[in-house]
Each structure stands twice: as C-alpha cells, then as structure tokens.
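To start, the structure under review is shown below, and the notes come after it.
The values are calculated or read from the model by the stated rules, or taken from the named source; none is laboratory data. From a predicted model like this one, the values you see are computed outputs, not experimental measurements. FYI the Cβ positions are ideal-geometry reconstructions off the backbone, even for glycines, and counts take in every protein chain you see.
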Amino acid sequence: MEQKPDFDKLFSRFLNNQATQKELDLFFQDLNGLGEEKLKNHINAEMQTEEQSIAVSQPHLQNIFAKIEQQIDRKPKSKLLWTKTWYKVAAAAAVVLGLGYLMLYNDVKQVNIVPGSSKAVLIINNEEKALDNKTISSFSPAAAISVTTAADGSIIYRQISNDTTGLSALHTVSTPVGGFYKVTLGDGTQVFLNAKSSIEFPVGFYGAERHVKVNGEAYFKVAKNKKMPFIVSVGGTDVKVLGTEFMINSFAKQTKTTLFEGSVQLSYLSKRQILVPGEEGISDPSGILVNQADTAATLAWTNGLFVFNDQPLINVLQELSRWYDFTFDAESIPNKRLYIRLNRNTAFKDVLQMLQTTTGLNFKIEERRLSIEN
C-alpha cells in the first residue's frame, strides 16, 4: 500500500508549485484539520529555509507584500516576476486567508483574453489606416516629410528639408484597448502611447511653437529646441517644455503630469505651476496639486511592466482592463489596496490568480466581464 506523504512534504511541494493533482487533493484535505497557528509555523519555517525571517500576520498581509516589493529586482525574471520568496508568501497568504482551492481550482469560464500588443490606427482626414508590428510601409504627406512604419511597432516622421508646405496638416495616432504604440514626431520627439490613448500632431513643425494634443496616457521624450517650445494640450491643461521627459495621464476626471527630467510649466484655467523632476502635478477644478511621484511605478508600462504600489483595487482593475480588454462593474469593487508587480505579457489566467491570492476575493470572468463571487 502506497504511503501517504506527510504534511510538511505536501506543503513544501504546494508552495513551490510542484504538487501533482493527487498531492493537492491530499494537501487540502489535511489543511482542513490544521489550526491557524500551526499553519503559520509551517509558513515561517518555509521562509527561514530561504534565509528570510518573515513574520506572518493575519490582517491583509499587506506589510509583507510591501517589504517584498521593495526587494524585487527591476529586471523581469519570469512571466509573473515573482521571486521564489514572493511566490511562497503569496501562496502562504492564500492559505492563511482561507482561500484554499481558490487559487488553483477557481472555475473560470475560458475566454479568449490575451495581453495587449503593438497596434494602433493612423487617422488622416477621418480615414483610418491600421498600424501594427508586422506592416512596414512609407509615404510622404508633405514635401519635407517622410513617414515610415517600422517592424518594431512604431511610426517615424522625418523632416528632410526646410520646405514648410503642408506641415500644418494634422495626423492622429490612436491605440485601441489592448494596444500600445511609439510615435516619433518630425522634430525627433518620441511619444509612447499606452492603451486607449491618442495623439494629434502636425506632420511637421515650424513657427513659434510645437503643439500637440493628447488623450489617455502618453510618455514624452521631447527633442530640445529653445527657440520653439513644445506644448501638450490634454483636457484643459497645457504642459509647456523646451526639452524634457514626462508622462501625461488623463484617464481619470483629472490630468496628472509626472516629470522625470528637465522642467515643465503646467497651465490650467488661471493657474500656473512649475514642476521639478520627481514631482507630479494634478489638474482638477480645485487647481493644480503637486505631489512627490512614484516615478518607477508611473514609468513601468513603458518597460513592459505593471507596478502597483499601495493602489486601490479599482485602479488596478481599470488599468488591467485597458490592457486585457475586459469590463467590470466599478460599484461592486471592494475597498482594498494592493502591491502587485507583473509583466504585461502575463497570461490573463495568471493575472486572475495573482489578484485572487493578494485580495482574498473570488473572481469570475464571463464573456469578457469580470465579477466577484460572494
């Protein structure tokens, strides 16, 4: 007769994601009869084997997640970017919070939800042309402008002469839900568009200023030109720069500008505000509020990552939904705050697993609509 593995062995194989189906069944059977204190002792023992002495406490375990997030290397190590210790604590949290089968056995209807990719549309005179990372083409919208769509998922405008004929013609690049794209403007300014975002710009620049309009979220690396300031209009806010790196986000009912390098001047209604690197300016009907920015988290999507540091669950779901193309009822989302770090190429089922592990909630997806089961 085959001998049943002891709980220590089953627990270790579960935390290391090595357990077979049969071992998982045995593990959760044994778990039902195990007291919480004994379980915490097992967790602490596992942490100590990794030379990590981490005390496990019941209330949300958020302090643990915060400490671990600070220790994670910035470079991707796996599709979920979990260190071995992070995986163990996340799994242990699921057990301590009574999730049990939830993480591995959640009955989610299979839907074709995949990560976003490099794709956009180019809009000229209300006509749309699809852009992706497979189509390579070139054309000339004005005498002095050459335009190339590249295989790396970008479109490049080059000003090849001083002829100003036709430079004021406006083009728009717009990304759908689940898309991102890079645009190089005629002056060499680089613009990275996040999902569900757009930029309207002249095919070339001349005169006293360079002026573009943005919706959604965009990261700018502005080419320096002291004689021609660069102005970004988004909603009722104007961001004026000479040459700098900054992010604009207008997805909420306010506009947030985060500065990484150089300086910018924000103009909103009758208010003016200068930002220095590391600051964010939030424009809303009350004026312009300046805070210290979480620059690493703000920049994460440009590096292929999601980084949420103490963010409300609803904010997390809003950003994920723009990338994975799903919907949810905002009013049904509980007030929880999360620390999560993910590669943007992570499979959606693994994203759900991470959310369930860190929130203690049971998520269900049907026909691209996410809901929470009671």
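Below are the figures for this structure:
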read-out	value
Residue in the range 196-208 that is at pLDDT 95 or above, polar (S, T, N, Q) and outside the structural domain of Leu317 (by TED's automatic domain parsing) present	yes
Qualifying residue in the range 164-175 (condition: part of a loop (DSSP other than H, G, I, E, B) and within 29 Å of the chain's Cα centre (by Cα))	yes
Matching residues, the range 148-161, being closer than 25 Å to Ala347 by Cβ and assigned to a strand (DSSP E or B)	none
The range 233-255: number of residues that are surrounded by fewer than 16 Cβ atoms within 10 Å (Cβ to Cβ) and among the aliphatic types (A, V, I, L, M)	1
Residue check, Leu167 in contact (Cβ under 8 Å) with a residue 12 or more places away in the chain, surrounded by 13 or more Cβ atoms within 10 Å (Cβ to Cβ) and touching a Leu at 6+ places or on another chain (Cβ under 6 Å)	no
Exclusive hit being at positive phi, touching a Phe, Trp or Tyr at 6+ places or on another chain (Cβ under 8 Å) and not polar (S, T, N, Q), set Asp310, Asp325	Asp310
Entirely in the range 258-374, the strands (runs of 3 or more DSSP E) that have 1 or more residues that are within 20 Å of the chain's Cα centre (by Cα) and over 29 Å from Val239 (Cβ atoms)	337-343, 362-366, 369-373
Unique residue being touching a residue at least 60 places away in the same chain (Cβ under 8 Å) and closer than 25 Å to Leu259 by Cα when the list is Leu289, Leu299	Leu299
Subset of the range 222-232 (residues that are surrounded by fewer than 18 Cβ atoms within 10 Å (Cβ to Cβ), touching a strand residue (DSSP E or B) at 6+ places or on another chain (Cβ under 8 Å) and of a type outside the set (A, V, I, L, M))	Asn225, Pro229
Which numbered condition Phe246 fails, given (1) assigned by TED's automatic domain parsing to the domain that holds Gly360; (2) closer than 18 Å to Val191 by Cα	(1)
Residue within the range 343-363 that is of a type in the set (Phe, Trp, Tyr), closer than 29 Å to Tyr219 by Cα and modelled with pLDDT of 95 or more present	no
Checking Glu331 against (1) out of contact with any strand residue (DSSP E or B) (no Cβ under 7 Å at 6 or more places or on another chain); (2) under 22 Å from Gly179 (Cβ atoms), the condition it does not meet	(2)
Subset of the range 89-147 [over 22 Å from Tyr324 (Cα atoms), outside any loop (DSSP other than H, G, I, E, B) and modelled with pLDDT under 50]	Val89, Ala90, Ala91, Ala92, Ala93, Ala94, Val95, Val96
